[in-house]
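Report on the following structure.
No lab work stands behind these numbers, since they all come straight from the coordinates. A quick note: this is a predicted structure, and the numbers were derived from the prediction, not measured. Ideal geometry is used to build each Cβ from the backbone, glycine not excepted, and the neighbour counts take in all protein chains shown.
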Amino acid sequence: MKALAAASIGRWSLARRLLVLQAVVVGLLVVLGTALAGLDARRAAHDRAEQTVTAVAESIADSPNLRAALASPDPTSVLQPYTELIRHDTGIDFITIMAPDGTRYTHPEPARIGGRFVGNTGPALAGRTFSETYTGTLGPSVRTVAPVFGEAEAGSSGARRRVVALVAVGITVREISAEFRERLLSLGLVAVAVLGAGIAGSYLISARLRRQTRGAAPRELREMFDYYEAILHAVREGLLLTDRAGRIVLYNDAARDLLGLPPPARVRGRPAAELGLPDALAEALVSPAPRSDEIHVGDTRVLVVNTSPVRSGDRAMGNVVTLRDHTELQGLTGELDTVRGFAESLRSQAHEAANRLHTVVSLVELGRPEQAVEFATSELAAAQRLTDRVVGAVSEPVLAALLLGKSAEAAERGVELDLGTESALDGAAGGIEPRDLVTILGNLIDNAVDAAIAGADRRQPRVTVTVRAAPDALVLTVADSGPGLRAAAVPDMFRRGWTTKHDGGGDAAGRGLGLALVGQAVRRNGGTIEVDGGIDGGGSGAEFTVRLPVRARRTEGTVR
């Protein structure tokens, strides 16, 4: 039976357990409070009875009429009606006036007049009023005995008063208990009301808790929390929860790594805007509207962010944010774009080669073989000179291939891409990832070509690329003949969405990502970027200089 009872209680919901616990606690408190109040009421009734009989006894003992009656031949005939009148007016159970030897002059039962008083009189005979609880002829009672002094007598040591009678006034314990029962009844009604109010409040709290916990038992809630905690940390994607005020509630290990956050204990409850994240990313975390597959470029990562607001009825609860690391995929996309550019360059070269071959064949058919040979060898020599120059100056195969591909692509768009005379790179690029080199140099060249074309109405579009190895860094410089940039635009150009290729500066049509990836790759390699916009300095065109340290230990890079 005990096992069945324990199993039944184990299936109780948290709300029911709380209700029972609160009811038991309230009941115990009410019982304890009632008991203490009852004891206090009993003590108060006894004290009040003692105060009453003391006051009546002292008043009668000090009455001049009492002394006059004691001096008469028959004191009882005067004192018995007098004491009965006082007894009925005050609610006292008995008033006994007696001689010093204890002989009664008055008593509530006239038959006992003349008998001996039952009780202690010693302190009163000594001239002191005292109180006690004693069982006399009327049963247990709280009584006070007061002395009645006669006229003062002159003596050698001064005036001295003699005790001529005693006054005993008492209330039976039965009457005190009846008064206590009346108080106890009202106290019980108050206790029942308090108990009912406590149980009603406990029920309301329990009902609200039942709605909040959906009637789940503590074991179910514990298991649910354990499951949720395990799922939260097992998810490979970053998961972050915010409340409706934009404060961080919870996040898993993946989100902490992707956002570079400290342990949850230091972050929980802080606004997302205070975490040192980029403004656009912090805004996305607390966005009241859903956001789907937004790309945000951080210092070292490219993140895909999805934000889903959570609502309970019509009330907003906060956001659920998922984060995916897009860095590797973005790097692969950049490499794919580069390969696609190479393929496009090969296609354009094949097209040009076909045109040249048709020209050579036509010259041979026209009987001009010498001109055909001269035309063919001059084109081959120009292409070979460019290849020899790039390969001779840049021994890093990835950079050499990138420069050759971009040169052909620029030529097809009517832009002359030159390799700077200071270009010199022997051996590998100081341990720098080839993928980062492709990202940095490829995007800078693409932007430079676009800028050179934008300024083609004033000059021949030209892009100059310099690759050289400094004592402790790899230096990449890309300069164009375009319209240039203002210095005020430099701090913003490496942020996601900045572009000059359409009105508004947003990231429409997928623009505004290249320079952000460049800045990220530079910071990841501990490098720096210097920008000379050309406009504020009075020159023409923009120049980007990237320095990537080749030391084994790298510090966090800067953009200036």
Q.
At R0 = 30 Å, how high is the FRET efficiency between A111 and V163 if r is their beta carbon distance? Nearest 0.05 is fine.
A. 0.65
Q. How large is ³J(HN,Hα), in whole Hz, for each residue of segment 141-146 in order, when computed from phi with the Karplus curve 6.51 cos²θ - 1.76 cosθ + 1.60 and θ = phi - 60°, using x for Gly and Pro?
A. 8, 9, 10, 10, 10, 10
Q: Rank by packing, highest mean first: peptides 524-530, 47-53, 35-41, with packing defined as the count of other Cβ atoms within 10 Å averaged across residues.
A: 524-530, 47-53, 35-41
Q) For E433, which sequence-distant residues (separation of 5 or more, or a different chain) have an amide H within less than 5 Å of its own amide H, given hydrogens modelled in the peptide plane? A) none
**Q.** Sequence ranges 62-73, 118-129, ranked by mean other-Cβ count within 10 angstrom, highest first
**A.** 118-129, 62-73
Q. Which whole number of Å³ per residue matches the convex hull of the alpha-carbon atoms in segment 235-325?
A. 89
Q | Exposure proxy order (Cβ contacts within 10 Å, fewest to most) of E237, E151 | A | E151, E237
Q.
Using the Karplus curve 6.51 cos²θ - 1.76 cosθ + 1.60 with θ = phi - 60°, what ³J(HN,Hα) values do you get for each residue of segment 480-488, in whole Hz, with x for Gly and Pro?
A. 10, 9, x, x, x, 9, 7, 4, 5
Q: Search the structure for amide H atoms under 5 Å from the amide H of V550, placed 1.01 Å from N in the peptide plane, and list their residues when 5 or more places away or on another chain.
A: A473, L474
Q.
Quick one: 3J(HN,Hα) in Hz for segment 87-96, Karplus 6.51/-1.76/1.60 with θ = phi - 60°, rounded, Gly and Pro as x.
A. 4, 6, 6, 9, x, 6, 7, 7, 10, 10
Q: Go through 272-284, 162-174 and give me the packing order, highest mean Cβ count within 10 Å leading.
A: 162-174, 272-284
